[in-house]
Amino acid sequence: MATPKSRPRDGYPGRALAFILVVTVGLVALMFGTGHTTPRLGIDLAGGTSITLTAKSDDPAAINKSNMDTAVNIIQKRVNAFGVSEAEVQTQGSDTIIVNIPNKDGGNEKAIKDVGQTAKLYFRPVLALAPTGSLPQPSATPSASGTPSATASPNAGASAGAPSATPSPSGSKAGRAVTDALKADPTTSASPNASGTPNASGAPSAAPSAPSAADLSAALTQGTVPAELQQQFAALDCSDPSKRLDYQSEPGKPAVACSYDAEQGIWYKFALGPVAVNGDTIDKATAVYDTQQGAGWQVQLQFNSAGSDAFAAITGQLATQAPPANQFAVVLDGKVVSHPYVQQAIPGGSAVISGSFTQQEAKALADVLSFGALPLTFQMSDVTTVSPQLGGDQLTAGLIAGAIGMVLVVLYSLVYYRGLGLVSIAGLVVSAALTYAIMSLLGAGIGFALNLPAVCGAIVAIGITADSFIVYFERIRDEVREGAPLRPAVQRAWPRARRTILVSDFVSFLCAAVLYFVSVGKVQGFAFTLGLTTALDVVVIFFFTKPLITLLARTKFFAEGHPWSGLDPKRLGARPPVRGRRRTSATAAKEV
């Protein structure tokens, strides 16, 4: 019967090495497979503006995750409205929002000025509205049906528990109204002379040219535009971001605003009256599903006492008006997010906005309305603007510093540790590959951006990794100096070295964690990188360095202490082993 092989005293180092190499190759392959081959760069390296906003409130309970997430959503939309692409808005900690805006033509001055201001939510009466931008061209066939109204009838399925403000037409209804109105408009429909029939002078008339977008918009305007807004309303093209209204229009004056019908791909412009109800008078706005009346998803509003009186007054006025003057517009940051009809005066401070909402649409509208009621303001804690040239210079300087640090560590390892220095170099390469791949993947996964402090953290990590190698190498050398053969020396040195490395890395990781949670902005990049590389140092030393040295101790070059191995007993001043037979007690007594 064959005797099973006993487990080697130094274990199976090949398995650990295979594991770490498979993980490293897998992460690198995933990095190339997903196309994220470089880490995302922060504003200080790529160029742009970084704004740190700190939430302030008289009510500490108001600064919570829900309100901060809503604020992030609104600020993201506001930044996008400036025409800035690839901007990032994210929370850090419990009361801080970081806004990173890449450089764009014309600069980021407007974004810096406006991005941190509290969102402005108003209820304004609708005076007139019209489609704008690129409109569908009319067909040449005349329509006998006349111009259909671009409004819809009041929603008969409104909640019976509270008066209802029915949403104005959007989606397919509004789109059909625009198209049908184009067909029926006398300025665009075909006439007898349009076919080329000779006129009174005997000369054939030319076919009419397609009307311009401005002409179509003017022909389809519903309602009456006030005299002081006529020029601004006519010039407004909502499809052009540079021509949209600044959201800081004065509340006491009429204004123009824009709204986008995503289903039909049409922009609408509005002439609006002065603010009738301020958004901060909303106590609560929630999205609910009406199961009793079958009205589907609704948005329930609850006003405070001042808002209740103002809302009752304006809805009482609007209910007596003809479309579109029987609508009020919910305006957030100068954009109309909803413009429901009013069927009757709505007293009591409660109202329901109902219509063909999906759950997502109702929740989005409720969030918009709720944001106007949040007692949050934002203070700019830090604003940093970096030009692309300066960002590139800083990145180059950081890479040069890292390369110099790596070269110095490599030279020191080779000069002082000789053959063992190759182990430290291989460990640094594996650690660098893991760090680079993880940072690249985190950039795509969670939006991690490599900034200048993060580069500093990576440079510091070179020293942390090299320190772990040195601790283990010196423990092995101590065992060799005591006269132990290399293989036992490697095994006996490991427990003591492991304890020292874990304590050292734990202290570094603890400092990084504390720094991450108590700091904001770019300092968190340094803390995150330092914590990540410290954790990777433990992985590399356990799964790469220790197994590799165990395997090398089995080779003749290292086991016999070659002068270039770094473990030559003579160079280390090793004690010669004590050889000879054990003396008996009788022999010892005779000698005495």
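What follows is calculated from the coordinates using simple rules that are stated; it is not laboratory data. Model, not experiment: these values are computed from the prediction. Because the Cβ atoms are built from the backbone with ideal geometry, glycine has one as well, and the counts that use them run over all protein chains shown.
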Query raised in the report: If you take the beta carbon distance between Ala433 and Gln359 as r and set R0 to 41 Å, what does 1/(1 + (r/R0)^6) give as a FRET efficiency, to the nearest 0.05?
Result: 0.35
Query raised in the report: Using the Karplus equation 6.51 cos²θ - 1.76 cosθ + 1.60 (θ = phi - 60°), what ³J(HN,Hα) coupling, rounded to whole Hz, does each residue of the stretch 560-568 give in order, writing x for Gly and Pro?
Result: 8, x, 4, x, 8, 7, x, 10, 5
Requested in this report: Return the distance in nm (one decimal) between the two label points of a simple spin-label model at Val514 and Thr555, each offset 7 Å from Cα along Cα→Cβ.
Outcome: 4.3 nm
Requested in this report: Take every DSSP beta bridge with both residues inside the stretch 268-381 and express the antiparallel ones as a percent of the total, to the nearest 5.
Outcome: 100 percent
Query - Karplus-derived HN-Hα couplings along the stretch 269-278 (A = 6.51, B = -1.76, C = 1.60, θ = phi - 60°), whole Hz, x at Gly and Pro - result: 10, 10, 9, 10, x, x, 4, 9, 9, 7
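Could you rank the peptides 259-271, 305-317 by their average count of other C-beta atoms within 10 Å per residue, with the highest value first?
259-271, 305-317
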Report task. Rounded to the nearest Å, what's the spacing between the alpha carbon centres of the stretch 228-307 and the stretch 515-535? Just the number, please. Result -> 42 Å
Requested in this report: Quick one: which residues, 5+ away or cross-chain, put their amide H under 5 Å from the amide H of Ala128? H built at 1.01 Å from N.
Outcome: Ala271
Report summary line: Normalised Cα Rg of the stretch 371-486, dividing by 2.2 N^0.38 Å with N its residue count, works out at 1.58
Query raised in the report: Expressed in nm to one decimal, what extension gain is obtained for the pair Thr224 and Tyr12 from 0.36 nm per residue of sequence separation less their Cα-Cα distance?
Result: 67.7 nm
Query raised in the report: Are any of the pairs Lys65/Lys522; Lys253/Lys335; Lys120/Lys284; Lys65/Lys269; Lys284/Lys335; Lys284/Lys522 more than 25 Å apart by Cα-Cα distance, and if so, which?
Result: Lys65/Lys269; Lys284/Lys522
Query - Distance in nm between pseudo-label sites at Ala426 and Val383 (7 Å out along the Cβ direction from Cα) - result: 5.4 nm
Query raised in the report: If amide H atoms are built 1.01 Å from N in the plane of the peptide, which residues on other chains or at least 5 residues away come under 5 Å of the amide H of Ile266?
Result: Asp261
Report summary line: Between Ala403 and Asp240, the two model label points (7 Å from Cα along the beta-carbon direction) sit apart by a distance in nm of 4.8 nm
Query raised in the report: Using modelled backbone amide H atoms (1.01 Å from N, in-plane), which distant-in-sequence or interchain residues come within less than 5 Å of Asp382's amide H?
Result: Thr52
Query raised in the report: Cα-based Rg of the stretch 440-526 per 2.2 N^0.38 Å, rounded to two decimals?
Result: 1.49
Query raised in the report: Applying the Karplus parametrisation 6.51 cos²θ - 1.76 cosθ + 1.60 with θ = phi - 60° to the phi angles of the stretch 125-131, what ³J(HN,Hα) value in whole Hz is obtained for each residue in order, glycine and proline being reported as x?
Result: x, 7, 9, 7, 8, 7, x
